Amino acid sequence: MTQIPLTIFDETLRDGEQQVGIFFDAQTKGDLARLIAKTGVHHVALMPAIHPTEAELVKNLVDRNLPQIVASTMMGKSHIDQSQACGVKTIILFNAVSDRLLTLRASSALDSTTINQIRNRMLDQVLAHLQYAASRGLKICFAAEDASRADFDFLVECINKFQPYIEHFILCDTVGILTPEDTRLWLRNLIEFTGNKTPLCVHFHNDRGLALENTIQAVLAGATGISGTFGGIGERAGNVALEQVLHGLKLRYSWHIEGINYDALTEVTKYLSSKGFRANAPYSIESLRYETGIHVDSLCSDRFSYYLFTQGQPEVWYGKFSGASNFQYLFEHCLQQPQPQSKYQEFRERIKHIAIAQKRSFDQAETLNLLGY
C-alpha cells in the first residue's frame, strides 16, 4: 500500500445540505462535524452567511476545538469579516470564472472587448478581496465556480494571478459537464500551463453520474486535492462521494491517503443512512430541483447557467437556502405577477424562518399557501 498526500475538502455540511429535502438541525450538524473530523479530512466547510444560526454554529464548532472547520465565503469585506469573527483560520472564497456566469447581466453587446472588460473587473475584484483576507491573517483557498466551462487561457490567468495569496485553487465542475477523458486532459494542461506552482483541487458535481470517475482521473492527472460530500449528497444529483473516491483509490491503485482513518468513513455514511439522507439519482425528477438563491438568481437570466439539460424545466423550491431571487422567479417567471424587490426580500425572510422552524423546504404550491396567495 502506497501512502500519498491528498488534501480532502468536505462539503457535507454546506453543499450537502443544499439538496432539496435535506435539513440538518444544529444537533445533527454537530454530530456530523465530529464524525467527519474523526476521518482525518483536512477541511470541513460551512457557510456563516446563510443565516445567523449558521454563523453561531460555526463559532460553536470552532470553540469545541475542531480545527478543520473552514468558512465558505462570498466576495465582500463584510462576508470575510463575518467568517473571521466566527473564529475560523481558513476561508474558501468563491467566484464564477466562466464567461457564461460572468456575463449573465451584461447590459451591452457581448463582443470580445466587453467580455475582456468583464473578466478584468472580476480579476480586480477577486484580487482585492484576496489581499484583504490575507491582510487579516487568514489562510485562503479559492473556489473557481463553473471552471469547467471557463475559457482555458483566462482560467490559467486566474490561477497564476491568485497564486501568491492562496493555498489551493479549487476547480469546480458546477453543472457536471466533464467526462473522464476531458478531465484528465484538462488537468494535465492546466498543470503544464501554470507551471505546477499552485495546488489544484477538484470539486465535481454528479449531474451525469460521472463525478466519481472524473475525480479519480483528476487525481491521476495530478490534482492535489478533492472536494466532495459523504454519501454524495448535494444540490440536484449531488457531489462526488468522498468515501467512494478514497476507497476507490485504495482498491484500484493501492493508494492510501495520508492521515485518513478509513474505518471512520463508515461511521459517517452509517449516520447519514440512519437519518434517511441519500443523494438524488442522476436524471431523476428530484435531481432537477433547485433551492440555493445564487443558483436561482442565475436561472432567472439564463436557463442553462445552472441547468444542464435541454429537456424538462428546473423546479425551484423554497427554504433555508433561498434568496430573494427564488421569489422573483416564482412571481415573474411562473406567475407573471411582478412584485417590488422589497417584497421578494420580505418573502425570503418569512419562508426562511418557517423552513428553519419546520426543518424542511417547500414546493411552489406550499410556498404560495404560506405567503397567503
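The values are calculated or read from the model by the stated rules, or taken from the named source; none is laboratory data. Everything numeric in this text was worked out from a predicted model, so none of it was measured. Using ideal geometry, Cβ is built from the backbone for each residue, glycine included, and neighbour counts are taken over all protein chains shown. What goes into the accessible areas is simple: the full protein's heavy atoms, side chains included, and nothing from ligands, DNA or RNA. Shrake-Rupley method; radii C 1.70, N 1.55, O 1.52, S 1.80 Å.
Results, tabulated for the structure shown:
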| quantity | calculated |
| --- | --- |
| Some residue of segment 179-199 being crowded, with 18+ Cβ neighbours inside 10 Å, within 19 Å of the chain's Cα centre (by Cα) and among the hydrophobic types (A, V, I, L, M, F, W, C) | no |
| Subset of segment 13-49 (residues that are in a loop (DSSP other than H, G, I, E, B) and closer than 12 Å to GLN68 by Cβ) | LEU13, THR39, GLY40, VAL41, HIS42 |
| Qualifying residues in segment 288-334 (those that are in contact with a Gly (Cβ under 8 Å, 6 or more places away or on another chain) and among the small types (Gly, Ala, Ser)) - the one nearest to HIS353 (Cα to Cα) | SER322 |
| Qualifying positions in segment 200-223 - touching a strand residue (DSSP E or B) at 6+ places or on another chain (Cβ under 6 Å) and of a type in the set (Val, Ile, Thr) | VAL202, THR215 |
| Condition met for HIS256 (assigned to a strand (DSSP E or B) and either without any contact (Cβ under 8 Å) to a residue 60 or more places away in the chain or surrounded by fewer than 18 Cβ atoms within 10 Å (Cβ to Cβ) (or both)) | yes |
| Segment 346-372, residues that are of a type outside the set (Val, Ile, Thr), touching a Gly at 6+ places or on another chain (Cβ under 9 Å) and open to solvent by less than 70 Å² (accessible area, probe 1.4 Å) | ARG348, LYS352, ALA355, SER361, PHE362 |
| Count of residues meeting criterion [within 23 Å of GLY319 (Cα to Cα) and either without any contact (Cβ under 8 Å) to a residue 60 or more places away in the chain or small (Gly, Ala, Ser) (or both)] in segment 1-43 | 10 |
| Filter pass, PHE309 being at pLDDT 95 or above and open to solvent by less than 40 Å² (accessible area, probe 1.4 Å) | no |
| Those residues of segment 211-224 which are assigned to a loop (DSSP other than H, G, I, E, B) and open to solvent by less than 20 Å² (accessible area, probe 1.4 Å), in sequence order | ALA223 |
| Yes/no for LEU299 being over 18 Å from SER361 (Cβ atoms) and touching a helix residue (DSSP H, G or I) at 6+ places or on another chain (Cβ under 7 Å) | no |
| Sole exception among (1) out of contact with any strand residue (DSSP E or B) (no Cβ under 6 Å at 6 or more places or on another chain); (2) open to solvent by 10 Å² or more (accessible area, probe 1.4 Å) for CYS172, by number | (1) |
| Matching option when the condition is more than 22 Å from GLU11 (Cα to Cα) and within 18 Å of the chain's Cα centre (by Cα), among ALA211, ALA150 | ALA150 |
| Residue within segment 70-81 that is surrounded by 21 or more Cβ atoms within 10 Å (Cβ to Cβ), of a type outside the set (Val, Ile, Thr) and within 24 Å of THR198 (Cα to Cα) present | yes |
| One residue from LEU246, LEU265, LEU242 being out of contact with any Ser or Thr (no Cβ under 8 Å at 6 or more places or on another chain), buried (at least 22 other Cβ atoms within 10 Å of the Cβ), touching a residue at least 40 places away in the same chain (Cβ under 8 Å) and among the aliphatic types (A, V, I, L, M) | LEU246 |
| Index of the failed condition, GLY40 passing every other in (1) closer than 20 Å to ILE226 by Cβ; (2) surrounded by fewer than 23 Cβ atoms within 10 Å (Cβ to Cβ); (3) within 17 Å of the chain's Cα centre (by Cα) | (3) |
| Verdict on LEU104 being touching a helix residue (DSSP H, G or I) at 6+ places or on another chain (Cβ under 7 Å), in a loop (DSSP other than H, G, I, E, B), surrounded by fewer than 21 Cβ atoms within 10 Å (Cβ to Cβ) and modelled with pLDDT under 95 | yes |
| Scan of segment 62-81 for residues that are out of contact with any strand residue (DSSP E or B) (no Cβ under 8 Å at 6 or more places or on another chain) and assigned to a helix (DSSP H, G or I), ordered by number | ASP63, LYS77, SER78, ASP81 |
| Filter pass, GLY231 being on the phi > 0 side of the Ramachandran plot, open to solvent by 10 Å² or more (accessible area, probe 1.4 Å), outside any loop (DSSP other than H, G, I, E, B) and in contact (Cβ under 8 Å) with a residue 40 or more places away in the chain | yes |
